[in-house]
1. Out of the residues in the stretch B:365-388 that are within 11 Å of chain A (Cβ to nearest Cβ) and open to solvent by less than 20 Å² (accessible area, probe 1.4 Å), which is nearest to the chain's Cα centre (by Cα)?
2. Do we have any residue at all in the stretch A:459-469 that's within 16 Å of residue A:42 (Cα to Cα), among the hydroxyl-bearing types (Ser, Thr, Tyr) and out of contact with any Ser or Thr (no Cβ under 8 Å at 6 or more places or on another chain)?
3. Taking residue A:396 as meeting all but one of (1) modelled with pLDDT of 95 or more; (2) at positive phi; (3) small (Gly, Ala, Ser), write down the number of the exception.
4. Could you tell me whether the stretch B:326-340 includes any residue that is over 29 Å from residue B:386 (Cα atoms) and open to solvent by 10 Å² or more (accessible area, probe 1.4 Å)?
5. Which condition breaks for residue A:391 when tested against (1) out of contact with any helix residue (DSSP H, G or I) (no Cβ under 7 Å at 6 or more places or on another chain); (2) touching a residue at least 40 places away in the same chain (Cβ under 8 Å); (3) under 21 Å from residue B:406 (Cβ atoms); (4) crowded, with 20+ Cβ neighbours inside 10 Å?
6. Taking the stretch B:35-60 as the search range and keeping residues that are facing chain A (nearest Cβ under 8 Å) and closer than 21 Å to residue B:104 by Cβ, which one is surrounded by the fewest Cβ atoms within 10 Å (Cβ to Cβ)?
7. Within the stretch B:416-426, can you find the residues that are in contact (Cβ under 8 Å) with a residue 12 or more places away in the chain, at the interface with chain A (Cβ under 7 Å from one of its Cβ atoms) and not charged (D, E, K, R)?
8. How many of the residues making up the stretch A:90-110 are at the interface with chain B (Cβ under 10 Å from one of its Cβ atoms) and part of a loop (DSSP other than H, G, I, E, B)?
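The values are calculated or read from the model by the stated rules, or taken from the named source; none is laboratory data. Quantities reported herein were computed from a predicted structural model and do not represent experimental measurements. Glycine also receives a Cβ, built like all others from the backbone with ideal geometry; neighbour counts cover every protein chain displayed. For the accessible areas, the whole protein counts, side chains as well, though only heavy atoms, and no ligand, DNA or RNA atoms are used. Shrake-Rupley method; radii C 1.70, N 1.55, O 1.52, S 1.80 Å.
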There are 2 protein chains.
Amino acid sequence: MSCSHRLRLELEMKYRPFFMLLTALLASLVQAESSNSEEPRAVILLIGDGLGPQQLTMARNYLTGSAGQLLVDTAPVYASIQIETEAADGTPLYVPDSANTGTAMASGVVTNINHVGVRPDGTPVTSIIEAASRAGYRTGIITTAAVTDATPATFLAHISHDDCENPAVILGGTVYGRHFPGCPEEATENGGPGSTAEQIAKSPVDLLLGGGRVHFLPTIAGSNQRVRDAASENGFLVVDRLGQLDALTPGQRALGLLAKENLKVRMRGSGSRKAEPVTLTDPSNPNAPVILPPPMSCEPNPEFGDTPTLRQMTATALRLLSAENPKGFFLMVESASIDKQSHQRNPCGAIGEVQQLEEALAEALKFTESHPRTLILVTADHSHGVQIVPEPSAYGGGAAEGVHSPGKIARLKTPEGGLMRLNYGVNNYAVTEHTGANVALFGNAEAKGLVTPYMRQREIHTVMMRYLSLAPQPTSSNTHE
Amino acid sequence: MSCSHRLRLELEMKYRPFFMLLTALLASLVQAESSNSEEPRAVILLIGDGLGPQQLTMARNYLTGSAGQLLVDTAPVYASIQIETEAADGTPLYVPDSANTGTAMASGVVTNINHVGVRPDGTPVTSIIEAASRAGYRTGIITTAAVTDATPATFLAHISHDDCENPAVILGGTVYGRHFPGCPEEATENGGPGSTAEQIAKSPVDLLLGGGRVHFLPTIAGSNQRVRDAASENGFLVVDRLGQLDALTPGQRALGLLAKENLKVRMRGSGSRKAEPVTLTDPSNPNAPVILPPPMSCEPNPEFGDTPTLRQMTATALRLLSAENPKGFFLMVESASIDKQSHQRNPCGAIGEVQQLEEALAEALKFTESHPRTLILVTADHSHGVQIVPEPSAYGGGAAEGVHSPGKIARLKTPEGGLMRLNYGVNNYAVTEHTGANVALFGNAEAKGLVTPYMRQREIHTVMMRYLSLAPQPTSSNTHE
């Protein structure tokens, strides 16, 4: 219910004598508003991949101090987003991945783990990029991951597994050191729609910036054409550096492959330190003292070099998408490595990428000063396994009496002089896992009346579509309606 | 900023021609509103102890299904609450306990771990119960813990350690199986204010319901009087059963000690099961398969018996506090064992106590139908160590290849047919620990204009005091201003 609508209801009940006059007044205001409907409209959706509640508090404690406020904290609209996922047999799952959560936001449907832009049965669903493009809006995607990574892919492609990123791997192979069966039925040579990269090359998106150059080098089956060349043939100016877009003609479509794989991250632990296990002084005695990893700091990542920042990419996109554009646009901006660094149990890496998201938000807010009909939403796709735990342990003698995390921990020195202990205790594997908590949604004033305090993730799709006057794909879930 | 205020600002910018007329109209409405100021006002603060984001999502998944909504999710006002705590040396801490977070809400100040109603230096601060009582409001506290437990204590007492609950333990002794030095300087015999129970016996609160009978049995130093008798002497009708309050005269003060210690909880794991470790098939090989604990269900706790529910206690309190009361009241309602059951790694126990909080909220909302000038806030004091993790693990062969939590897990069958895996991986100790994530604040429509989307926990105090037209204690923190 909109703010003005709620207010009207309240006023009607309490102040009936004044109500007739107010109604007449509001009616005239609504009329005034609709006369402005020719102004261009834009939606900017910023996604912090894996930016769950613990991760957000961790970043705030580090970046602003525990009594400080991030830029997202100043948003006038705030909501709790419940995540939904389901197993292949239709039973609910309680922890999602980036593929099904991206599909929920892009297309409004609940689907399976790894599914990109398809329903549980494999049927493609229409993404907001496809719908907006068809309606004459410009569209853009920015990510610090490969442009073929799960989150951007859900807005651009339709495939049963997010790892089927290029024409080689779609046939199967080794992914993350393990055998991967691929998605052979969906390969071009088998009459399918092709890998994510091939689908991107044919997609209607106007501007796509991120990493993943490597996925555009393989050739398309039955041709000698690299995916990259197919993209050029389909109207994309394909570039490798952000600066190459400086002189782009407004309306010219572009694909910026700005890194071989993911873009490098901004921050790292000093000396490349991540979370580490405690040292047991006597493994045979569970109450024997343990030695905690020493405190650590964050430092700039020397590998970052001239990597474009998320802010720079956002500024470029906003300029190109809005120039000489009377209709408006949809732009998704992803800070992808919050998730990837958390999987690596690297708190400094994740915090730096939250900072990048904040800077991109600052750029988006600056844009709204000259383009007020712009809906900004900031959210996360899912939560992550990091926890802020007591430093020292709340129990007894703590490390001196053997009380310790069974996982890995980082004891991070914060700029305000605190010591923040971070626990990565979800699993004993090389990379840690997602968790199932609700995530936050922040909105600018344009979100008032569209965003309610509690929403299901698929309803974010509905909100964005309505703002652009596009008919939302009916939200759906096999199990949950 | 209130809904009407925000609306006014927006309208002013967009529709200046209409603004003068609207201003005149709103001014007349404000005048109409202030003429109602003699109506009684009430604040009901519901606290889910330890009800952090993961815990809330866990309860929702179980109680309503993952596409469902809890009653709190229907609240029209929603905010993110940042928690602040500090160490004795003034440096920030990132994980609080119930004593300092309770003090923040009761009195608006940031203080140290274990501190109850005192600043870091031990100076007492005025709680909303004390201020409201002085101004002529009735006041009440309901908890499923001992009434001397940290959270209720912060509204009623001023002492440097929340474990100094009675005249015996204040001198030190064994608490939770460990030596506890007590708070001897604060003991009555040393000229101090006495233990929490002694301070409660002298407190101005009108109605106090919970457990903790055992803390009122010791005698007060220098007298033969039990604390319980001191409470009677100070005007409390002291009862052991809720039904004994049925015929209470309105305005009669009462202390209901409804259990020896904490009230029993409603739910438990089937066969008393809690989270359990995985079984290693070959401890010498980290990649050897592991055997996961089998799935479990929740069941009614047979020990619950005729324990009064939080809803029953809330109904009693609302009846007694509002009867023949033209001024209004302040009531704090705590579902305490969400935290206590989570410390025990008992998800079913915690979920049942979230259900109790929901029922108390339903009772509070029912009350507002006949008492519209009632501010309802629902929040948590801090987050907790439980996590919802993938079932099965997202990685490789999972248990078959040895991927497992290094902590304890519960695999909980949900009524909607899912299997929710809960991870307790914070420490290896008998009880697990709190975590540092922001918590949620939910408000009814009366909270509009008072609650902003991001607040520091101490600002909850300010909101409640303002609603009751009481001068808030200036919010303060040694380190964070």
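1. The qualifying residue nearest to the chain's Cα centre (by Cα) is B:382.
2. Checking the stretch A:459-469: at least one residue is within 16 Å of residue A:42 (Cα to Cα), among the hydroxyl-bearing types (Ser, Thr, Tyr) and out of contact with any Ser or Thr (no Cβ under 8 Å at 6 or more places or on another chain).
3. (1)
4. yes
5. (2)
6. That would be B:56.
7. Result: B:418, B:420, B:423, B:425, B:426.
8. Summing the residues that are at the interface with chain B (Cβ under 10 Å from one of its Cβ atoms) and part of a loop (DSSP other than H, G, I, E, B) in the stretch A:90-110 gives 7.
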